[in-house]
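A.B. asks: First, the structure itself, so that you have it in front of you.
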Amino acid sequence: MSTAILTGQPVPGSSLENDLRSLGFDVRVATDAADAETLLAAVPADQRVAVVDARFVGHVHALRLGLTDPRFDAAAIPGAVTAKPAARPALTRALRTASDDASNGSVVVGILAERIAEVLDTDLHRPELGELVAEVPRDPQSRNEARQAVTVVDDEAIRLRTAVKSRDGFFTTYCISPYSRYLARWCARRGFTPNQVTTASLITALIAAGSAATGTRAGYVAAGLLLLFSFVLDCTDGQLARYSLQYSTLGAWLDATFDRAKEYAYYAGLALGAARGGGSDDVWALALGAMVLQTCRHVVDFSFNEANHDATANTSPTAALSGRLDSVGWTVWLRRMIVLPIGERWAMIAVLTAVTTPRITFYVLLIGCAFAATYTTAGRVLRSLTRKAQRTDRAAQALADLTDSGPLAEFLARLTRGVRLSGPAVVALVAGALVVGASWLSPYGSWWPVLGAGVYVLLSPVALQRPLKGALDWLVPPFYRAAEYGTVLVLAAKADVNGALPAAFGLVAAVAYHHYDTVYRIRGNAGAPPHWLVRAIGGHEGRTLLVTVLAALLTATDFKVALTALAVAVALMVLVESIRFWVTAHKVGAPAVHDEGEPA
């Protein structure tokens, strides 16, 4: 339960107390500043407290934005200030200062909330209210004018409009959000939470994958429709979170993780359907290739954004050109569409599934994603080469965590202390190309891939020898991801035995989950996964070397079994630790987060 302390003279006919109660506040009235201080001290330390001027006039949604957003420890709007438990000491100090001011006549009780906001010695969030009214009128005429302004503006319409993500893809903006926002409101009024809607979206997508796995035309049509409905629910959960301000760390993690699980499970469903269909088409290599390409695209996004998250002097002619193009509306939508964000991508997959075959679906998906990856990566490389950004230690640490270097790289880094290889991105690219190329050009069972992996391991300390602050150092993590995933894909395809590629799909999915989990922890300011976990699953260099050795030592059938066992082992370790971490973070009240970045 939250507590709101009203200060100042009550206004006859005011709905403020009822408005605050509708937002979940227990309302208490202070006769003066000293009484407000006493009431604050009586509120349990684990509760949110708001100090509100009794003369406040405004929309309920203005109060909601200012007083209930879980992402901020302290927030204020005109006439009201709030603090979560973490900011309660600062609120107590500010109230004491304001109370002292009131006692010596330098401030009157009627503006106590404003004075508290002025002297609050902690980060204070002030939400953008736009057309919403939030005022503290000083006379009857001003009060009447403020009340009229409230009646003119429909705060429910604003609440619905702002529930939609401010920056999204064309398909989502024009084909989903116009009605999904109403579905979000329907869910809010019936007490559904964003996490429940997220889970419903996952279940729907898994049913879609199961429908695709039937290998029938009816199954493919049903799969396409269900995938689209899953995406509608995927949009709804975020809109519900914004509509009702139900943000949470666990919710952000579930939303991001389930998006990947839904898409990659659907790939597997298509591959199973192709194998079970009349033509018995084996497209597991295409399914795995699509997952590898999409995951590497995401790692490029994550690495580039982390490298430039808090960089200084972060400007370039390329970025300036992009800014100028933003003023031409049609170019904005064109550039958002050609990168195949999740809305456009899932719509394309759904339609192709319904009217074509899994093989054609994967061909189009791979071509589209490859073009999008080339476009975005080339633009970011140009920006990186033309800007004079100074990257921080935090950015360098984030990139080091994203490389996922294991015990072999760490041992060699200690062994070669003092040696500095220049151009980490070039070294990572060459090392990855060696191991993937050796795997591609050699027959199954050859030791050439092991030699390539050995060189890859020997060069892996490049990511640890110095902070990754260079212009192109953000490319190191995606190069490592492409090398590891690509090696598994090629060796499984070379094995040419039934079940090897599905086993490789499972292994890459398990490792990719670990890499996504690392990203979401960094985004949530929770740091990387524990060091013991990274060491236990071998790091990128250890896993790559192990897979090449297994392929050289084992028969194709035994290699399939080994890949399956490795996938299960990695999945169990990363899933158990990840679920434990995020559930614990939710229970202890970790800061709520909400991603409003680029569409995935």
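A.B. asks: Could you tell me how many of the residues in the range 532-554 are more than 20 Å from Val436 (Cα to Cα) and in contact (Cβ under 8 Å) with a residue 24 or more places away in the chain?
C.D. replies: Looking only at that region, the number is 5.
A.B. asks: Restricting attention to the range 339-348, which residues are in contact with a helix residue (DSSP H, G or I) (Cβ under 6 Å, 6 or more places away or on another chain), of a type in the set (A, V, I, L, M) and either free of Cβ contacts under 8 Å to residues at least 40 places away in the same chain or more than 14 Å from Tyr174 (Cα to Cα) (or both)?
C.D. replies: Val339, Leu340
A.B. asks: Taking the range 433-458, which residues are among the β-branched types (Val, Ile, Thr) and free of Cβ contacts under 8 Å to residues at least 24 places away in the same chain?
C.D. replies: Scanning the range 433-458 gives no hits.
For every residue, the table says whether it meets (1) within 17 Å of Leu412 (Cα to Cα); (2) of a type outside the set (A, V, I, L, M, F, W, C); (3) in a helix (DSSP H, G or I).
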position: Val426; (1), (2), (3): no, no, yes
position: Ala431; (1), (2), (3): yes, no, yes
position: Val436; (1), (2), (3): no, no, yes
position: Trp440; (1), (2), (3): no, no, yes
position: Gly445; (1), (2), (3): no, yes, no
position: Ala453; (1), (2), (3): yes, no, yes
position: Tyr456; (1), (2), (3): yes, yes, yes
position: Ser460; (1), (2), (3): yes, yes, yes
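A.B. asks: Restricting attention to the range 174-220, which residues are hydrophobic (A, V, I, L, M, F, W, C), farther than 27 Å from Pro358 by Cβ and part of a helix (DSSP H, G or I)?
C.D. replies: Leu183, Ala184, Trp186, Cys187, Ala188, Val197
A.B. asks: Would you check which residues across the range 164-222 are under 25 Å from Val339 (Cα atoms), surrounded by 22 or more Cβ atoms within 10 Å (Cβ to Cβ) and among the β-branched types (Val, Ile, Thr) and list them?
C.D. replies: Scanning the range 164-222 gives Thr172, Ile176, Thr198.
A.B. asks: Moving to a separate point now. Please work out which residue is surrounded by the most Cβ atoms within 10 Å (Cβ to Cβ), limiting yourself to the range 18-39 and to residues that are over 37 Å from the mean Cα position of the chain (by Cα) and within 20 Å of Gly66 (Cα to Cα).
C.D. replies: This residue is Ala36.
A.B. asks: Also, quick follow-up: Can you name every residue in the range 54-95 that is closer than 24 Å to Ile158 by Cα and either part of a strand (DSSP E or B) or acidic (Asp, Glu) (or both)?
C.D. replies: Of everything in the range 54-95, those that are closer than 24 Å to Ile158 by Cα and either part of a strand (DSSP E or B) or acidic (Asp, Glu) (or both) turn out to be Val57, Gly58, Asp69, Ala74, Ala75, Ala76, Ile77, Ala80, Val81, Thr82.
A.B. asks: To continue, here is another question. How do the pairs read when you match residues in the range 379-392 that are touching a residue at least 12 places away in the same chain (Cβ under 8 Å) with residues anywhere that are surrounded by 15 or more Cβ atoms within 10 Å (Cβ to Cβ) and part of a strand (DSSP E or B), using Cβ under 6 Å and keeping only pairs 6 or more apart or on different chains?
C.D. replies: none
A.B. asks: Here's a follow-up. Kindly evaluate Leu385 against the criterion of being surrounded by fewer than 18 Cβ atoms within 10 Å (Cβ to Cβ), part of a helix (DSSP H, G or I) and in contact with a Ser or Thr (Cβ under 9 Å, 6 or more places away or on another chain).
C.D. replies: yes
A.B. asks: So Arg414 ticks every box in (1) of a type in the set (Lys, Arg); (2) in a loop (DSSP other than H, G, I, E, B); (3) closer than 22 Å to Gly538 by Cβ but one. Which box is left unticked?
C.D. replies: Condition not satisfied by Arg414: (2).
A.B. asks: Kindly indicate which of Leu63, Leu132, Leu67 is modelled with pLDDT of 95 or more, crowded, with 21+ Cβ neighbours inside 10 Å and out of contact with any helix residue (DSSP H, G or I) (no Cβ under 7 Å at 6 or more places or on another chain).
C.D. replies: Leu67
A.B. asks: So if I check each of Ala50, Ala42, which one is touching a Phe, Trp or Tyr at 6+ places or on another chain (Cβ under 8 Å) and at pLDDT 90 or above?
C.D. replies: Among Ala50, Ala42, only Ala50 is touching a Phe, Trp or Tyr at 6+ places or on another chain (Cβ under 8 Å) and at pLDDT 90 or above.
A.B. asks: For residues that are open to solvent by 70 Å² or more (accessible area, probe 1.4 Å) and farther than 22 Å from Ala98 by Cα, tally how many sit in the range 1-16.
C.D. replies: The total comes to 3.
The values are calculated or read from the model by the stated rules, or taken from the named source; none is laboratory data. Bear in mind that the values here come from a model prediction, so they are computed numbers and not experimental data. Counting neighbours? That spans all protein chains shown, and the Cβs are built from the backbone with ideal geometry, glycine included. Protein only, heavy atoms only, side chains kept; ligands, DNA and RNA dropped before computing areas. Shrake-Rupley method; radii C 1.70, N 1.55, O 1.52, S 1.80 Å.
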